[in-house]
Each structure stands twice: as structure tokens, then as C-alpha cells.
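Take a look at the structure set out below.
Just so it is clear, none of the values below were taken in a lab; they were calculated from the coordinates. The structure presented is a predicted model; accordingly, all values stated were derived computationally and were not measured. So basically every Cβ, Gly included, is an ideal-geometry build from the backbone, and we count neighbours across all protein chains shown.
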Amino acid sequence: MNYLQNKVAIVTGASSGIGAATTRTLSAQGVRVVAVALNQQEIDGFVAEANQENHGNGRIIGRAADVTNLDQLKVIARFAFDTYGSVDILINNAGLMLFSNWSDLAVQDWNKMIDVNIKGYLNGVAATLPFMLQQKSGQILNMDSVAGHQVALSAGVYSATKFFVQAMTESMRKELGVEHGIKVNTISPGVINTGWADKVSDPTGRKAAQELNKLAIAPEDVAQAIIYALNQPAEVTINDLIISPTRQNW
């Protein structure tokens, strides 16, 4: 059964990678999606292409916003509600994965990940939760990572942000799910080919990342897992779903 038909979703980090694949897959399930990305030109290009792929159904609308800016996300949530009459799903997906050793003292990279991976998720919740509480229903899916379950070399701060996501989601599940019927869950991907390896700034780290990326699976595989987690009856919540390459050994 399709429990997602005609629901309204906000997806951050939607112009590429897992966000783009998820937006396309949600639209194919009959979901009306407000696709959010930092760059207006990029999100406009993606939306035009995605809507054309779905035979011009127009179920995807693109909006630019910085997830580190709460006011901008509040505007997105209000737009979704005013346009469609509800805010049913939030997918906190926008994130940064920057590798460095502690001895590198890459403070700027640390702060970027904290701002996007932690504050960005909290801002998404703060912007959309009031509508869900008003509706007495909703779903919040926080994209996590296997790095939120175990720590890899050169990924200490990134893993810390994803451990934070685990903690915030479990706390929200126990309060929002139990007391308000709002479902909250995580998807924890392993190595996914989203182009992240080529963005690593350190040459040595980039080479290692590119080698690791050889076993990566596609964003579309993760999107299917997201649909599975979301497309459940009201009384069922998939708490955390780990999806990783078969040959990934961690």
C-alpha cells in the first residue's frame, strides 16, 4: 500500500546525491516535494529535469535556502504549508563530510560540519515541527551514517556530528512519537557514490577517499530505503535502517 500519496515533503540538500535521488523517488510515489538546496540555479536546473522525467507532473518545487539559517528554513516550511496545506515529511539530508586528522587542527572544517550537520538538522526540525504538532501528524527522517555507529580514522568530528544525529533522533522518537504521533527515524548509509570523495581538500585524504569510493553503491539505493522507512502505517516506525555496500567491511 502507498501511504505516501499526496503527502507534502521538504527535502534539504536536494539538488544532488541522495537528496536528488530521494526527491525523484518521492515524486514518483505521488508526494509533493519542496526541494531545498543552497544554490537557486542548481535547484532550478534539477527541478526542471526531474519534473520532465516524471512527465511534467510538477510535483517538485525548488527553493534555495541555507540550512544553517533558521529564518530561511522557516520561510520554506511556511511556503510548503501555504502552497499545499500541510507539512507531512521533513528529510534532513544536507550534510558535509570533511576528513582530517586531529593533528591538522582543521578548525574551519570542524565548524562547517557542526553548522550544517547539527545546527542544520535542528533548524529543519524547528522550522517544520510547529506545523506537524498542529496537524498531530508528521514524519521526520534524519539522514545519519554508519559513521554515527562507529568511528573511522580521520573522521572524528564527522562521526561526532552523526552520533549527535542518533541521539537527537532517539530523543525525538521517545517524545514526539510517543506523545504526539509524529514519527522520527534515521537512515544510516555506508559508502555511497555522491561525489564526496572528489571534494576532500587534503590530497592524501582525497586519494584514500577515492579508493574507498570504488565499492560505493548508488544514491538511488538509499532512496529506496528511505521510501521503505517512510511508507509505513501510522502505528509503525522504522527506527534506524543501515544500508551499505555488500563488500564494505565496517
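Values for this structure:
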item	result
Bins of 10 Å, starting at 0 and running to the largest distance - Cα pair percent for the range 57-126	18, 42, 24, 12, 4, 0
Neighbour net charge for V8 - beta-carbon separation under 14 angstrom, K R +1, D E -1	+3
Sum of side-chain charges, G95 neighbourhood, beta-carbon under 10 Å (Lys, Arg +1; Asp, Glu -1)	0
Segment H149-Y3, length gained on full extension (0.36 nm per residue, minus Cα span)	49.6 nm
S16 versus D44: modelled label distance in nm, points set 7 Å from Cα along the beta carbon direction	1.9
Rounded FRET efficiency, nearest 0.05, which uses the C-beta distance separating Y84 from E179 and R0 of 30 Å	0.70
Gained length - A218 relative to D71, 0.36 nm times residue gap less alpha-carbon distance	49.6 nm
FRET efficiency, 1/(1 + (r/R0)^6) with R0 45 Å, evaluated for N193 and Q135 via beta carbons	0.80
Cα long-axis angle, helix 17-28 against the chain (0 to 90 degrees, to the nearest 10)	20
Label selected from (i) 26; (ii) 33; (iii) 14, the criterion being percent of Cα pairs over 33 Å apart as computed here	(iii)
C-alpha long axis of helix 203-212 to longest principal axis of the chain, angle in °	60
Stretch gain in nm, segment L105-I242, where the contour uses 0.36 nm per residue and the Cα spacing is subtracted	46.2 nm
Whole-angstrom gap from the range 156-184 to the range 75-116, using each part's C-alpha centre	15
In order through the range 244-250: 3J(HN,Hα) via Karplus (6.51 cos²θ - 1.76 cosθ + 1.60), integer Hz, x for Gly, Pro	8, x, 4, 8, 6, 9, 8
Ranked packing of 70-77, 186-193, 98-105, most packed first, by mean Cβ within 10 Å	186-193, 70-77, 98-105
Too-long pairs where the Cα-Cα distance tops 31 Å, listed order kept, from K112/K136; K7/K214; K74/K214; K7/K162; K183/K214	K112/K136; K7/K214; K74/K214; K183/K214
